1. Condition first: assigned to a strand (DSSP E or B) and either at pLDDT 95 or above or under 18 Å from LYS10 (Cβ atoms) (or both). Can you find one or more residues in region 45-54 that meet it?
2. Quick check on my filter: what residues within region 14-39 are open to solvent by less than 40 Å² (accessible area, probe 1.4 Å) and touching a strand residue (DSSP E or B) at 6+ places or on another chain (Cβ under 9 Å)?
3. Could you figure out which of (1) open to solvent by less than 50 Å² (accessible area, probe 1.4 Å); (2) assigned to a loop (DSSP other than H, G, I, E, B) isn't true of LEU42?
4. Filter region 62-80 for residues that are loosely packed, with under 15 Cβ neighbours inside 10 Å, under 11 Å from the mean Cα position of the chain (by Cα) and modelled with pLDDT of 90 or more and give the result.
5. May I ask you to list pairs of residues, at least six apart or on different chains, whose Cβ atoms are under 8 Å apart, with the first in region 39-55 being farther than 9 Å from ALA26 by Cβ and the second being of a type in the set (Gly, Ala, Ser)?
6. Name the residues in region 4-39 that are under 13 Å from the mean Cα position of the chain (by Cα) and on the phi > 0 side of the Ramachandran plot, would you?
7. Considering only residues that are on the phi < 0 side of the Ramachandran plot and among the small types (Gly, Ala, Ser), look in region 45-61 and name the one that is most open to solvent (accessible area, probe 1.4 Å).
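The values are calculated or read from the model by the stated rules, or taken from the named source; none is laboratory data. Since we're looking at a predicted model, the values are computed, not measured. Because the Cβ atoms are built from the backbone with ideal geometry, glycine has one as well, and the counts that use them run over all protein chains shown. Surface areas here come from the heavy atoms of the whole protein model, side chains and all, with no ligands, DNA or RNA. Shrake-Rupley method; radii C 1.70, N 1.55, O 1.52, S 1.80 Å.
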Amino acid sequence: MEIKLTDEYKRNLLQGSNMTKVLQDAKARPNMVNGVLKGFELTRIREDSIYEKAGFQNGDIVEEINGIPLKDAASSIRLL
């Protein structure tokens with residue numbers, strides 16, 4: 001599934017306390033496949049959050065962002 005957000009919407013989300021809220025609106029748990037990190041499973045998605053609005057549901061696995069695979073925690077955080 002592909003999700004697109006307008007530039008204005010993204011800028012608003014990334015400003016100050018909004019970004020903190022975004023990071024708290026869902027839990028991302030590492031998704032391990034044969035001992036290798038392959039994305040993150042979303043859980044505890046809050047009602048009316050960006051995740052819910054984008055159509056994510058608890059248990060969904062995000063394997064890449066903008067075509068970039070999420071293969072380790074450090075690079076995933078930098079990407080975000």
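1. no
2. ALA26, ASN31, LEU37, GLY39
3. All conditions pass for LEU42, except number (2).
4. Answer for region 62-80, where residues must be loosely packed, with under 15 Cβ neighbours inside 10 Å, under 11 Å from the mean Cα position of the chain (by Cα) and modelled with pLDDT of 90 or more: GLU63, GLU64.
5. PHE40/ALA28; PHE40/SER76; GLU41/ALA28; GLU41/GLY59
6. The answer is GLY39, and nothing else.
7. ALA54
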